[in-house]
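See structure below.
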Amino acid sequence: MGARFRAEYLILSIARTLSAREKITLDELSEIAETPSDFAESVLSSLGIESRELKREDLPVIIVRAWKAGFPLLDMALSAGWSTLEELVGVLLEEHGFTCRRNVRVKLAGRRYEIDLLALKGDILLCVDCKRWTKARVSELKRAAINQKDRCGAVARLIESGEVPCLGIAAEVKVFPVIVPLHSTAISSHEGVLVVGIYDLAAILRDISSVLLAEAGAQHFKARCVGYRKKQI
C-alpha cells in the first residue's frame, strides 16, 4: 500500500470516527487505520495538527487542510456526515482570512431569516447558503438564488439598523449573496447571486475582491454599521 493511499485512508478513518465519537487518541487512530502511530503522527503534522488526541471540533479543520493538500473532499465529507458542510465552508473561509459567524437567525418585518454563514474580510461581507445537493436542476438553483438574495438584502438592512452583529465592521461593507453547493453547477450566478461549488471556492478566495466577485456575476448590497459616519471630503 503506497504512502499516499495510506494517508488518505487514515484521514477517512479520522472523518468516520470523529463523526461518531467525541474524541480519539493517536494510538486508537493507528489501530483503527491499521497504520503505525509514527506514520499517523507524520500525516497529521503535515496538516499542522500536533496534538496526540483529536476532538470532533477539530474535524472541519483537518478535512479542509487535507483537501488543500490534495485529498478528495467529497469522500472526506461523506465519511464525516453531511452535517459538517457548513463547518467545512466556514473553516475554508477562515483559512483565507475571513471572520465567520455561523447559523445566524434574524427577523425583519415579521419574517424570519436563517443564514448559514456570514463571513467578513475587509469591506466584503459574504452571506453564504451551503447546499448539500449532490445534483440540482437549474430551476432549483435559480429559486435558491432568489431566496438567498432576499436573505442578503435583509441582512444589509438589519446591519444598518444595528440588529445584526457587525463582526467588527468599522465602515461600510458590500454584502454579497453566495450559494455554495458541493459540486460545480450548470450556472455560475443568477439574479446577482454567485453560485460556486466548494471545489472552486478556494480559487476565488485566494484573490477575492469586490471587482472579482462582480466579474463573476455577483451583485452587492451596501450596508453601514450603526455608529459609523463617513468622513466628509
Output for the stretch 97-133, where each listed residue is under 20 Å from Pro60 (Cα atoms) and β-branched (Val, Ile, Thr): Thr99, Val104, Ile115, Val128
What are the residues in the stretch 14-26 that are under 22 Å from Gly70 (Cα atoms) and without any contact (Cβ under 8 Å) to a residue 60 or more places away in the chain, if any? Ile14, Thr17
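On the given criteria, is Ala145 at pLDDT 95 or above, of a type in the set (A, V, I, L, M, F, W, C) and buried (at least 18 other Cβ atoms within 10 Å of the Cβ)? It would help to see each step written out before you state the result.
Details: at pLDDT 95 or above: yes; of a type in the set (A, V, I, L, M, F, W, C): yes; buried (at least 18 other Cβ atoms within 10 Å of the Cβ): yes.
Here the answer is yes, as Ala145 does meet what is asked.
Output yes when any residue across the stretch 23-46 is at pLDDT 90 or above, of a type in the set (Lys, Arg) and either not assigned by TED's automatic domain parsing to the domain that holds Arg157 or not in a helix (DSSP H, G or I) (or both), and no when none is.
Restricting attention to the stretch 23-46, the residues satisfying the condition of being at pLDDT 90 or above are 23-46.
Then keep just the ones that are of a type in the set (Lys, Arg); that gives 23.
Then keep just the ones that are either not assigned by TED's automatic domain parsing to the domain that holds Arg157 or not in a helix (DSSP H, G or I) (or both); that gives 23.
Yes; the residues of the stretch 23-46 include at least one that is at pLDDT 90 or above, of a type in the set (Lys, Arg) and either not assigned by TED's automatic domain parsing to the domain that holds Arg157 or not in a helix (DSSP H, G or I) (or both).
Matching residues to (1) assigned to a helix (DSSP H, G or I); (2) in contact with a Phe, Trp or Tyr (Cβ under 7 Å, 6 or more places away or on another chain):
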residue	(1), (2)
Ala136	no, no
Ala154	yes, yes
Arg157	yes, no
Glu163	no, no
Leu201	yes, no
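Taking the stretch 77-92 only, how many residues are of a type in the set (D, E, K, R) and either modelled with pLDDT under 65 or touching a Cys at 6+ places or on another chain (Cβ under 7 Å) (or both)?
As a first pass, look at the stretch 77-92 and keep what is of a type in the set (D, E, K, R): 86-87.
Filter once more, keeping what is either modelled with pLDDT under 65 or touching a Cys at 6+ places or on another chain (Cβ under 7 Å) (or both): 86.
Residues flagged as of a type in the set (D, E, K, R) and either modelled with pLDDT under 65 or touching a Cys at 6+ places or on another chain (Cβ under 7 Å) (or both) within the stretch 77-92 amount to 1.
Would it be correct to say that Leu29 is under 18 Å from Phe71 (Cα atoms), of a type in the set (A, V, I, L, M, F, W, C) and under 29 Å from the mean Cα position of the chain (by Cα)?
On the way: under 18 Å from Phe71 (Cα atoms): no; of a type in the set (A, V, I, L, M, F, W, C): yes; under 29 Å from the mean Cα position of the chain (by Cα): yes.
Considered against the rule, which asks whether it is under 18 Å from Phe71 (Cα atoms), of a type in the set (A, V, I, L, M, F, W, C) and under 29 Å from the mean Cα position of the chain (by Cα), Leu29 comes out as no.
Within the stretch 113-127, which residues are of a type outside the set (Gly, Ala, Ser) and assigned to a strand (DSSP E or B)?
First, pick out the residues of the stretch 113-127 that are of a type outside the set (Gly, Ala, Ser): 113-118, 120-121, 123-127.
Correct list: Tyr113, Glu114, Ile115, Asp116, Leu117, Leu118, Leu120, Lys121, Ile124, Leu125, Leu126, Cys127.
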Within the stretch 211-232, is even one residue at pLDDT 80 or above, buried (at least 19 other Cβ atoms within 10 Å of the Cβ) and assigned to a strand (DSSP E or B)? yes
Filtering the stretch 197-225 for residues that are free of Cβ contacts under 8 Å to residues at least 40 places away in the same chain and in contact with a strand residue (DSSP E or B) (Cβ under 6 Å, 6 or more places away or on another chain) leaves a count of 3
Return a yes/no flag: does the stretch 170-181 have any residue that is surrounded by fewer than 20 Cβ atoms within 10 Å (Cβ to Cβ), within 16 Å of the chain's Cα centre (by Cα) and at pLDDT below 95. no
Go through the residues of the stretch 40-51 one by one and say whether even a single one is touching a residue at least 40 places away in the same chain (Cβ under 8 Å), closer than 27 Å to Val89 by Cβ and surrounded by 15 or more Cβ atoms within 10 Å (Cβ to Cβ). no
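The values are calculated or read from the model by the stated rules, or taken from the named source; none is laboratory data. These figures come from a predicted structure and were not determined experimentally. Cβ atoms come from the backbone with ideal geometry, glycine included; neighbour counts cover every protein chain shown.
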